[in-house]
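What follows is one structure encoded as structure tokens, with my remarks underneath.
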Amino acid sequence: YLYRTKNLTLNYEINSNEALEAYVDSDWAADSADRKSTTGIVIRVFGNPIMWKTTKQKVVARASTHAEFYALADCVSEVLPLKGILKDFNLTLKEAIPIFEDNSGAIAIAKNGKFSKNSKHIDVSYHFVHDYEVKQEICVKKISTEDQLADILTKALAKTKFRKFREALNLGVAKNSVSRNT
């Protein structure tokens with residue numbers, strides 16, 4: 001793969017009106033050895049990826065919603081400092097930062113802040129997600145799994161979906177490169 005894609009580069013151009021947006025996903029208990037989940041985060045500025053991250057979660061999530069909420073909390077921790085950096089460049093965000101999540105349960109916890117008996121054990125440190133949602137600093141939005149850009153960081157994908165997400169990350173052939181079948 002690396003050899004056949006060595007001509008791919010990150011191409012930056014303004015291709016979105018969204019100053020700052022994030023995509024977050026988790027693969028619940030995918031590690032068969034310890035059943036810990038993996039978090040994937042992609043953060044884009046005007047449609048260009050400026051940060052991406054894949055990390056193994058520190059705790060074993062008891063449900064997919066919990067794994068997704070842990071990932072969401074990690075994403076919020078990454079995106080908020082970037083808002084300050086954009087402000088330093090005189091790019092003040094007029095609206096809440098959209099964070100795209102595909103798990104309805106995690107979105108409900110973020111928006112409503114209601115932890116059911118099945119989710120109240122989620123560590124208190126993750127409750128700050130709801131606080132930022134209430135303050136309208138972030139806006140957690142539903143996205144279909146088919147369009148979840150962070151999937152490229154958390155699981156193996158079919159070739160067409162992988163290419164679709166790779167292109168969405170602005171990975172393409174450099175202007176001076178010869179195109180190869182990748």
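The values are calculated or read from the model by the stated rules, or taken from the named source; none is laboratory data. This structure is a prediction, so every number in the text was calculated from the model and none was measured. Here the Cβ positions follow ideal geometry from the backbone for every residue, glycine too, while neighbour counts run over all protein chains shown. For the accessible areas, the whole protein counts, side chains as well, though only heavy atoms, and no ligand, DNA or RNA atoms are used. Shrake-Rupley method; radii C 1.70, N 1.55, O 1.52, S 1.80 Å.
Count, please, the residues in the range 66-104 that happen to be open to solvent by 30 Å² or more (accessible area, probe 1.4 Å), in contact (Cβ under 8 Å) with a residue 12 or more places away in the chain and part of a helix (DSSP H, G or I).
6
Given the structure, is E146 over 19 Å from M51 (Cα atoms) and either open to solvent by less than 40 Å² (accessible area, probe 1.4 Å) or at pLDDT 90 or above (or both)?
In short, yes.
Table: residues versus (1) touching a helix residue (DSSP H, G or I) at 6+ places or on another chain (Cβ under 7 Å); (2) closer than 15 Å to L149 by Cβ; (3) among the aliphatic types (A, V, I, L, M); (4) free of Cβ contacts under 8 Å to residues at least 12 places away in the same chain.
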{"residue": "L10", "(1), (2), (3), (4)": "no, yes, yes, no"}
{"residue": "A22", "(1), (2), (3), (4)": "yes, yes, yes, no"}
{"residue": "D31", "(1), (2), (3), (4)": "no, no, no, no"}
{"residue": "D34", "(1), (2), (3), (4)": "no, no, no, no"}
{"residue": "G47", "(1), (2), (3), (4)": "no, yes, no, no"}
{"residue": "M51", "(1), (2), (3), (4)": "yes, yes, yes, no"}
